[in-house]
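The values are calculated or read from the model by the stated rules, or taken from the named source; none is laboratory data. Please read these numbers as outputs of a predicted model, since none were measured by experiment. Counting neighbours? That spans all protein chains shown, and the Cβs are built from the backbone with ideal geometry, glycine included.
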Amino acid sequence: MDGQIAHILYGIGRLAAVQRAEQWQAGTAGGLSPAQLEILSRVAVRPMRSGELAQHLGVSAASASDSIGALEGKGLVQRGPDPDDARAQRVVPTEAGLALLARLDGGSRRMADVLAALPEGDRADLMRVLTGIIRGLQEVGAIPVQRMCLTCRHFRAHAHEDAARPHHCDFVDAAFGDAMLRLDCGDHGTAGPDHVAANLRRFGRA
Ligand code: SF4
C-alpha cells in the first residue's frame, strides 16, 4: 500500500475512533445504546423506514427493529406514515427524542466543535472530498447508496461559472457551493446512470 494512503487511512481511523468514543459516552449519559443513539440521530435529520435504518447501521432488520422498539418504549421515536408509500411507515423522532439529542449535542460535541472552528473553505473542501469517497465506496458496494447530491436527478455539478457556487439544485432552483453538498437529503430523487455519470465526470474534473 502507498505510504501516503496508509497515513490517510490512519487519520480516518483516528477520527472514527474519537467519534465512536464520543457517541458511546453520550449514549451512556442519555441511557441509550450506541445503535439507539445512531438511530435517533439519523431520524432527527430525516425520518426513515426501519429497513433503511438497518442498511445505514449495517445491521440485520431484526437488530434494527429491536433498537427502534427500545426507543419507542422510551418515548423517543414513533412510527408515522410514509408520504412515498401508503403501506409503509417511517420512524420519526418525538419531541422528547429531539430534546434528548439536543442535550447530548448530537453525540459528537468535541468533533463538531473542531469542525465548526475550521475555515469555511476547508469545510467546503472536506464536503467535496467526503462526497467523492462515499460515492467511491458505494460503487464498490462497501456502503449502501445514499440520498446524496451526486446520485440525485436534481443535481447538476459545475453548471455555473461562479467558483463559490458552481453547482445547481433543480429542486429548489438555486446555485450552491461544495459546502452545501448533501450526503443525506430528504428531497433527493434517484438519478439514472447517465445523469450520475455526467455529474461524476464534471465533479471529478473540477
Ligand atoms: S434535492 Fe437534495 S440531493 Fe438533490 S441536488 Fe438538491 S440538495 Fe442535492
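Quick notes on this one:
- Within the stretch 45-96, the set of residues being under 24 Å from LEU137 (Cβ atoms) and among the aliphatic types (A, V, I, L, M) comprises VAL45, MET48, LEU53, ALA54, LEU57, VAL59, ALA61, ALA64.
- Every residue from the stretch 126-149 that is under 15 Å from GLY204 (Cβ atoms) and touching a Gly at 6+ places or on another chain (Cβ under 8 Å): GLY132
- Some residue of the stretch 159-176 being surrounded by 15 or more Cβ atoms within 10 Å (Cβ to Cβ) and either free of Cβ contacts under 8 Å to residues at least 12 places away in the same chain or of a type in the set (Asp, Glu) (or both): yes
- Residue check for ALA179: among the hydrophobic types (A, V, I, L, M, F, W, C), within 21 Å of LEU9 (Cα to Cα) and part of a helix (DSSP H, G or I): no
- Filtered residues of the stretch 45-62 (kept if over 16 Å from PRO93 (Cα atoms), surrounded by 14 or more Cβ atoms within 10 Å (Cβ to Cβ) and of a type in the set (S, T, N, Q)): GLN55
- When residues of the stretch 137-154 are limited to those that are away from the ligand (no atom under 16 Å from the Cβ) and modelled with pLDDT of 90 or more, the one surrounded by the fewest Cβ atoms within 10 Å (Cβ to Cβ): VAL140
- Out of LEU183, LEU126, sole residue that is within 27 Å of VAL59 (Cβ to Cβ) and either without any contact (Cβ under 8 Å) to a residue 60 or more places away in the chain or surrounded by fewer than 16 Cβ atoms within 10 Å (Cβ to Cβ) (or both): LEU183
- Selected residue (criterion: farthest from the ligand (Cβ to nearest atom)) from residues of the stretch 155-190 that are farther than 27 Å from LEU115 by Cβ and under 18 Å from the mean Cα position of the chain (by Cα): THR190
- Of all the listed residues (ARG20, ARG42, ARG14), the sole one being crowded, with 18+ Cβ neighbours inside 10 Å and among the basic types (Lys, Arg) is ARG42.
- Any hit, the stretch 63-70, residues being touching a helix residue (DSSP H, G or I) at 6+ places or on another chain (Cβ under 8 Å), surrounded by fewer than 15 Cβ atoms within 10 Å (Cβ to Cβ) and farther than 20 Å from GLY27 by Cβ: no
- Within the stretch 52-68, tally of residues that are modelled with pLDDT of 90 or more and closer than 21 Å to HIS188 by Cα: 2
- Restricted to helices (runs of 4 or more DSSP H) entirely inside the stretch 32-122, those with at least 2 residues that are within 26 Å of LEU181 (Cβ to Cβ) are 34-45, 50-57, 95-103, 109-117.
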